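Comments concern the structure below.
The values are calculated or read from the model by the stated rules, or taken from the named source; none is laboratory data. Just so we're clear, the structure is a prediction, and the values are computed from it rather than from any experiment. Don't worry about glycine lacking a Cβ; one is built from the backbone with ideal geometry, like all the others, and counts go over all protein chains shown.
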Amino acid sequence: MTKAINLFKEQGQGGSGADPDAVKFTPQSLTAGQKMQARSNIDADVSITTVDASTDPPFTMEPDKVYKYGMLSGDTTFPLMLSINDGKAHVYCWTFETPATAPTITWPTAIIGWAGGSAPTINANKQYEVSVMDGIACIVES
């Protein structure tokens, strides 16, 4: 592709000739450190925290992280506080699996609405991913 772009420019195709001020395309690659810095510059850092839902004590989920709860061992309350008010849109995301008997889920009070209208019915032997932004939750079952 690079060769085609540069040849196109050199041959003056695409109009009345090559623009002498045109920039010649040169492919580049970024180091891992540069990629991390670029993601940080645009607030795109995401970390994944794995939680053993059967043994870890309840804790407050932080924004802009993905929590993997694994298999739930029974009825569960997901702790979530939307307390950050810094003018940025923060996303809360977590995944979990349900056992052979569907557990009762107590959803965070910070959720003020659901995409689709109401809190979902949780089924047995399923995987779920939940995302919350601006108090609106979206859940996917697979």
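What's the number of the condition THR101 fails, among (1) surrounded by 12 or more Cβ atoms within 10 Å (Cβ to Cβ); (2) out of contact with any strand residue (DSSP E or B) (no Cβ under 9 Å at 6 or more places or on another chain); (3) at pLDDT 85 or above?
Evaluating THR101 over (1) surrounded by 12 or more Cβ atoms within 10 Å (Cβ to Cβ); (2) out of contact with any strand residue (DSSP E or B) (no Cβ under 9 Å at 6 or more places or on another chain); (3) at pLDDT 85 or above leaves (1) as the failure.
How many of the residues in the stretch 107-126 are assigned to a loop (DSSP other than H, G, I, E, B) and in contact with a Gly (Cβ under 7 Å, 6 or more places away or on another chain)?
3
Could you check VAL130 against (1) β-branched (Val, Ile, Thr); (2) at pLDDT 80 or above; (3) out of contact with any strand residue (DSSP E or B) (no Cβ under 6 Å at 6 or more places or on another chain) and say which number it fails?
Here VAL130 clears every test but (3).
Restricting to the stretch 127-142, what's the tally of residues that are closer than 18 Å to THR106 by Cβ and in a loop (DSSP other than H, G, I, E, B)?
Residues in the stretch 127-142 being closer than 18 Å to THR106 by Cβ and in a loop (DSSP other than H, G, I, E, B): 1 in total.
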